[in-house]
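Below is one structure, written out as structure tokens, with a few remarks after it.
Where a number appears in this text, it was derived from the coordinates with a stated rule and is not lab data. Every value quoted in this text rests on a predicted model; they were computed, and no experiment measured them. Cβ: placed from backbone, ideal geometry, glycine included. Neighbour counts: every protein chain shown.
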Amino acid sequence: MSGRKQKYQGKHQKRNQKRPQSSPYRLTRSTLSELSSFLLSDPDDLTRGLALAKLATGRNMRSLVDASLDFEILSTGVGKLSNSWRYGVASSPIFDEASKLVTKDDNYILLPPCVAKPTAQARSQSIPIDILESRVARLLAGKRGPSGQLITPNALQRVIDFEFTTVNMTRFERDFIADRKMNDNMQNFYAAFSAKTLHKHHTDFMALFLPEDEIEAYKQTSIPDDTLFGSKKALSSHGVEYVFSQLQSALRNALIKEDRIAAHNIYTAYVVNLLQFATMHRPAPDVFRTIGAFLDDFNQVEIVDKSDSSARLVPVCQRARQVILHYIDYLKCYQERFRFTNTNNYQAIDDMLSGRSNLFRIQTASTFLPNFDHLRGYLSDAVFRSINWHRHTMASLLIQSDVDRDVLAAFMGHRQALDSPTKSSSTFRYQQLLDISERVDHIMEALALPKSSLMSK
Amino acid sequence: MDNNRRQMIDVPLTRLIIHPRAQPAYEFELDLQHQCMQQTQDYPSDQALQLEYPQVMPDNSSYQVIAGWSQLLTARYDMNKLLTVICVPDIESPVVSNTAWRYVLSRMLNQVHHPTYCAQLRRALEKSNLSHSDIEELTGVSAKTIGAIARKLSRTSLSTSKRQLQKLQSERIEKMGEQL
């Protein structure tokens, strides 16, 4: 293979995954209808049932019958099949107390009885996967689509790729249902999403080719409105308020004790956490780096929170801007206290305000540490320094408010292989990031958080 | 303390530092809430006479302030400016702390009567022979009348300031009556 071909192999593979509805390889509705009638014609035939399961879920055989994926049949005959996605967990005394968006451990899709029954049968018989695959291939041998293409087991799996947009299913929901690789889209790790919406879209997809009576029982299986699947690090609104209220009461205690060092550190932790929440900055010791990272009169911030490739310039919403401006004023006043008492501390704050050092620095009895690491005492709880809840929570709340997921990916610094938002031919506009920032502002407004200073509501 | 060993010297602000034993008192005063709206004023450059002289002790290349720091609280700093200070010989550390706190307390014990503060401030401004513009420059507050300046400075409403004037008048009459 030539070097050039090798270089672009990955991109070509990605491009080939895009399956527009205009593609001649798409199976027409009538072909799908004929195919589903054929597969439903013998309900006791395991092979036909598994082929239908592939069509209905877009999954490969392993994702259907692998014993490591939980599966159960409900009393209505509907199947409940989990997927292979695993979400990161975190724990700390305060984080554990804060309420989360996702309250249950199980993530699953529901299968109508005509699909659930053969799936259960195949799992109970422990037939090797390659044998099942070859049986399905033999079943479909000779069947052709509208443009003469062979209908293979892979073609069945790809139907969902051609059709998901027709039923308003997002590609993230498609990936979840079809149990695609979780890291195909990094947002999959962050998002908590509505289970009810997922199942509605899945039902609508299956209704394209399954007779109504086959999905009737499936439709009646109710999923509570507030059930969410996905990230276990995403906090609910109450959870966010709880975390910030801990800082608020800690600050009050520090002020009562007239402990200015503790007050500085708690206030700094509050500002850092709130800005992380508003901009979806990952936790990092050099969080937000210097004051020079804030541009355009604190309306933008350049974030580098992982490697150089994580660099991104994002808008700062109005509420977060007020908070950082208030913090700058506070630092100026705090610096004045040291003018005639501690020249080292005076100089340290001067360095913060002039961009010669990190803006957010923890204070000890003798000095200012170089960054936001080593939070001590009460602030040592991981929720304030290392748990990535800000990004998970804001991403999930934004997804719930129906933001454009591609713009959200750009805001979060996730780059798809073929995405070049800054290319001249790209239709991406900075205004789209500003729109997200406005949503962030609304979300923060709805939370009972202090408006600018930690002590003011 | 031997007063003969005191001397007045001019030192740049950059070489002044609050004595570590005086810092609690200094910081306490920094945190005080004031009756009058605080205005940071440049000390006029043509001011021949400082109204107060910081008391300092020499310490290597710097001077440690032990009392008399009011100008350090209110000046808008030009750190290259020279300030006249009273240099005192070595004082023992416990005495430094006592001196600093005595300084703060003496300033607090001389505060003006709170319920008539605005009225008395107005009387002081009226009685001074400073021009209207001088008062505005000194206080950093602009208003049409002296009464309005006093109200702004003391954050007092018009009705309250009127009540204060009446109260001040009746209390003065009462006090004079007692003296007769």
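Just a few scattered comments:
- Here, the protein assembly as shown is characterised by an Rg to Rh ratio of 1.18, where Rg is the alpha-carbon radius of gyration and Rh the Kirkwood radius.
- R0 of 51 Å, Cβ-Cβ distance B:His132-A:Ser354: FRET efficiency to nearest 0.05: 0.80
- Projected area, mean over directions - segment B:114-179, Cα convex hull, nm²: 4.8
- Segment A:281-390 - charge dipole about Cα centre, Lys and Arg +1 at Cβ, Asp and Glu -1, debye rounded to 20: 200
- Unit charges at the beta carbon, dipole of chain A: most positive-side option, A:Thr103, A:Asn371, A:Cys333: A:Asn371
- Computed from the C-beta positions of A:Asp42 and A:Val89, the FRET efficiency with R₀ = 51 Å rounds to 0.70.
- Less than 5 angstrom separates the built amide H of A:Ala192 from those of A:Ser231, A:Ser396, all sequence-distant by 5 or more or on a different chain.
- Length-normalised contact order for chain B - Cα pairs under 8 Å, 6+ apart - percent: 26
- Part-to-part distance (alpha-carbon centres) for segment A:264-295 and segment A:195-249, which is given in Å: 32
- Think of chain B as a dipole: +1 on every Lys or Arg Cβ, -1 on every Asp or Glu Cβ, centred on the Cα centre; then among B:Gln7, B:Ser106, B:Pro20, B:Ser106 lies furthest on the positive end.
- Whole-Å distance, taken between Cα centres, linking segment A:85-106 and segment A:120-151: 39
- Taking trypsin sites (Lys or Arg not before Pro) across segment A:28-100, the ones in a DSSP loop with at most 13 further Cβ atoms lying within 10 angstrom of their Cβ are A:Arg86.
- About its Cα centre, the dipole of the protein assembly as shown is roughly 1200 debye, where the only charges are +1 on Lys and Arg Cβ and -1 on Asp and Glu Cβ.
- A:Ser124 paired with A:Thr227, simple spin-label distance in nm, labels 7 Å along Cα-to-beta-carbon: 2.4
- Phi to ³J(HN,Hα) by Karplus 6.51 cos²θ - 1.76 cosθ + 1.60 over segment A:438-448, Hz, x for Gly, Pro: 5, 5, 4, 4, 5, 5, 5, 5, 6, 7, 7
- Sites A:Thr76 and A:Ala382 - FRET efficiency at Förster radius 35 Å, r taken between beta-carbons, to 0.05: 0.25
- Cross-link check: pairs A:Lys181/A:Lys306; A:Lys257/A:Lys332; A:Lys181/A:Lys232; A:Lys257/B:Lys162; A:Lys54/A:Lys219 evaluated at a Cα-Cα cut-off of 30 Å; pairs beyond the cut-off: A:Lys257/B:Lys162.
- Across segment A:237-446, the relative contact order, built from alpha-carbon pairs under 8 Å that are at least six residues apart, equals 24 percent.
- Spin-label model distance (nm) - A:Lys181 vs B:Ile173, 7 Å beyond Cα toward Cβ: 9.5
- The ellipsoid that matches the Cα gyration tensor of segment A:294-391 has semi-axes, each √(5λ) in whole angstrom, of 25, 19, 13, with the longest given first.
- Pair A:Asn253, A:Lys306: separation of 7 Å Cα→Cβ label points (nm): 3.6
- Charge dipole (debye, nearest 20) of segment A:17-230; +1 at Cβ of Lys and Arg, -1 at Cβ of Asp and Glu: 820
- Dipole-positive endmost among A:Cys317, B:Val95, A:Phe162 within the protein assembly as shown (Cβ charges, Cα centre): A:Phe162
- Cut-off of 10 Å, at most 14 other beta carbons, DSSP loop: longest stretch of chain B lacking such GluC sites (Glu not before Pro): B:93-180
- Relative to its Kirkwood radius, the Cα radius of gyration of segment A:237-446 gives an Rg/Rh of 0.99.
- Using a cutoff of 8 angstrom between alpha carbon atoms and counting only pairs six or more residues apart, the relative contact order for chain A works out to 17 percent.
- Over all other residues within a Cβ to Cβ distance under 15 Å of A:Phe298, the charged ones net out to -1, with Lys and Arg as +1 and Asp and Glu as -1.
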